[in-house]
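Peer 1: Below you'll find the structure I mean.
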Amino acid sequence: MCEALNNSYEILEEIGRGKFGTVFRCYNPINNQFYAIKIINKHLLTDSTDRMCLENESTFLAYLSPHPNILQISDVFEDTDSLSIVTELCQPNFTLFDRISDHPLSEPEASSMMKNLLEAVSHCHKLGIAHRDIKPENLLFDSWGNLKVCDFGSAEWFGDERSMNGIVGTPYYVAPEVLLGREYNEKVDVWSSGVIMYIMLGGIPPFFGDTASQIFESVVRGNLRFPTKIFRNVSSSAKDLMRKMICRDPSRRISAEQALRHPWILSGGMNDDLT
């Protein structure tokens, strides 16, 4: 652990652990504030892709900060053995996945969270960055309950209308054009966000299977349905937004900015028209 880090922060208890490093709560005595610090063992990074992902994390967080719905980075320390990233402290071991795993959300609850998510995604896209791995596990909450997008290891620049390629993402949430090996644009994040909205309101993913390959096949088919038994009490406005976000044709899929202007978001999910 580098000397500059030890001179600036007091490392406290462990609050999380990942493939390459450990997350601790830490304290800055100068400003009397608590933070989270991810300490990565660089000797475990034997793969060039893993090294690039960890470099992306700090680079993109710094470029996108500050934004109220993106994890705020405070410091980065590096020496020959480790890379340490200091960020704002969020609720430990609690993500959107934990929030929605037990039961679906009400439309007002879901609308509020989707607005936060789309604000973050729109901010990224305006700055020419696609996250490419939007999923509930990458959505944290601060102590006030504000949603925070994190984990930009798979993010990519797409500025000047450049397309992207490469299969990245997570089975339930990845867009079909990614799986088909085509070039794609930032709207892959809109698809993933739409899938999250579907799970928020229905409690199940729109595309599923017993194995990753079966899930991928279901995603590529893109046959979006709203089973009556599950979506009976979900408004037609919410379903309309999901259809526009989880649209198999990227050219017809709405942008994050357009989604923010949809009536369901603007009304706070208070539509009474249920179908």
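Peer 1: Using the alpha-carbon atoms, what tilt in degrees (0 to 90, nearest 10) does helix 212-221 show relative to the longest principal axis of the chain?
Peer 2: 50
Peer 1: In nm, to one decimal, how far is the modelled label at ASN31 from the one at PHE94, with both set 7 Å along Cα→Cβ?
Peer 2: So the label points at ASN31 and PHE94 sit 2.3 nm apart.
Peer 1: For region 26-43, just list the computed ³J(HN,Hα) in residue order, Karplus coefficients 6.51, -1.76 and 1.60, θ = phi - 60°, integers in Hz, with x standing in for Gly and Pro.
Peer 2: Karplus values, whole Hz, x for Gly and Pro: 9, 10, 9, x, 5, 10, 6, 10, 9, 9, 10, 10, 9, 10, 9, 7, 5, 5.
Peer 1: With the cut-off at 1.5 for a/c, could you classify region 64-179 from its C-alpha gyration tensor as rounded, prolate or oblate?
Peer 2: Details: a/c = 1.56, a/b = 1.09, b/c = 1.43.
Verdict is oblate for region 64-179.
Peer 1: Go ahead and set up a Gaussian network model of the chain, Cα springs under 10 Å, then flag whichever of LEU105, LEU118, LEU140 fluctuates most.
Peer 2: Its mean-square fluctuation being the largest, the pick is LEU105.
Peer 1: Output the 0 to 90 degree angle, nearest 10, between the alpha-carbon long axis of helix 236-245 and the longest principal axis computed from the alpha carbons of the chain.
Peer 2: 60
Peer 1: With a ≥ b ≥ c the root eigenvalues of the C-alpha gyration tensor of the chain, is it rounded (a/c under 1.5), prolate (a/b larger than b/c) or oblate? Please list the in-between numbers first.
Peer 2: Details: a/c = 2.00, a/b = 1.57, b/c = 1.27.
Prolate, because a/c is 1.5 or more and a/b exceeds b/c.
Peer 1: Please give the calculated 222 nm ellipticity per residue for the chain, where each DSSP H segment of at least 4 residues contributes -39500 (n - 2.57) and the sum is spread over every residue; nearest 500 deg cm²/dmol?
Peer 2: On the way: 11 runs with 100 residues, N = 275.
The helix-only estimate for the chain comes to -10500 deg cm²/dmol at 222 nm.
Peer 1: Something else: Expressed as a whole number of Å, what is the distance separating the alpha-carbon centroids of region 178-246 and region 1-56?
Peer 2: Going from one Cα centre to the other spans 35 Å.
Peer 1: I've got another one for you. For LYS115, what charge total do you get from the other residues with a beta carbon under 13 Å from its beta carbon, if Lys and Arg give +1 and Asp and Glu give -1?
Peer 2: Combined, the nearby Lys, Arg, Asp and Glu give -3.
Peer 1: Please work out whether region 134-219 counts as rounded, prolate or oblate from its C-alpha gyration tensor, where a ≥ b ≥ c are the square roots of the eigenvalues and a/c under 1.5 means rounded, while otherwise a/b larger than b/c means prolate and anything else oblate?
Peer 2: Details: a/c = 2.11, a/b = 1.10, b/c = 1.93.
The shape class here is oblate.
Peer 1: Another question, then. For region 1-145, give the magnitude of the charge dipole about the Cα centre (Cβ charges: +1 Lys/Arg, -1 Asp/Glu; no others), in debye to the nearest 20.
Peer 2: Details: 11 positive and 21 negative charges, 64 e Å.
In total the dipole reaches around 300 debye.
Peer 1: Another question, then. Using alpha-carbon pairs under 8 Å, 6+ residues apart, how would you state the relative contact order of the chain in percent? Present the calculation step by step, with values, prior to reporting the outcome.
Peer 2: On the way: 505 pairs, mean separation 42.9, N = 275.
With pairs under 8 Å counted, the relative contact order is 16 percent.
Peer 1: Using a 7 Å offset from the Cα along the Cα-to-Cβ direction at both TRP144 and SER101, what is the distance between the two label points in nm, to one decimal?
Peer 2: 2.7
Peer 1: Could you work out how far helix 188-202 tilts from the main Cα principal axis of the chain, as a 0 to 90 degree angle to the nearest 10?
Peer 2: For helix 188-202, the angle is close to 70 degrees.
Peer 1: I want to check a number: in the chain, how many lysine pairs have alpha carbons closer than 13 Å, given a sequence separation of 8 or more or different chains?
Peer 2: Number of lysine pairs found: 6.
Peer 1: Considering Cα pairs under 8 angstrom that are at least six residues apart, work out the relative contact order of region 154-258 and quote it in whole percent.
Peer 2: Working: 128 pairs, mean separation 28.4, N = 105.
In percent, rounded to a whole number, it is 27.
Peer 1: Taking a probe of 1.4 Å, how large is the accessible area per residue of the chain, in Å²?
Peer 2: Values: 13440 Å² over 275 residues.
Each residue of the chain exposes 49 Å² on average to a 1.4 Å probe.
Peer 1: Additional query: Report the local net charge at GLY169: Lys and Arg +1, Asp and Glu -1, summed over other residues whose C-beta lies under 14 Å from its C-beta.
Peer 2: Values: positive: ARG132, LYS135, ARG182, LYS187; negative: ASP133, GLU137, ASP151, GLU156, GLU177, GLU186, ASP189.
That sum, taken over residues with Cβ under 14 Å, equals -3.
Peer 1: Note down the nm distance, to one decimal, between modelled labels 7 Å out along Cα→Cβ at GLU3 and at LEU260.
Peer 2: Taking the two extended label points, one gets 4.6 nm.
Peer 1: Continuing with this model, one more query. How much of the accessible area of region 176-237, probe 1.4 Å, is carbon plus sulfur, in whole percent? Don't jump to the answer; show the numbers that get you there.
Peer 2: Details: 1310 of 2770 Å².
Reported share for carbon and sulfur atoms: 47 percent.
The values are calculated or read from the model by the stated rules, or taken from the named source; none is laboratory data. All of these numbers come straight from a predicted model, not from anything done at the bench. For neighbour counting, all protein chains shown are included, and Cβ atoms are generated from backbone atoms with ideal geometry for every residue, glycine included. Ligands, DNA and RNA are stripped out before the accessible areas are found, and what is left, the full protein with its side chains, is counted by its heavy atoms. Shrake-Rupley method; radii C 1.70, N 1.55, O 1.52, S 1.80 Å.
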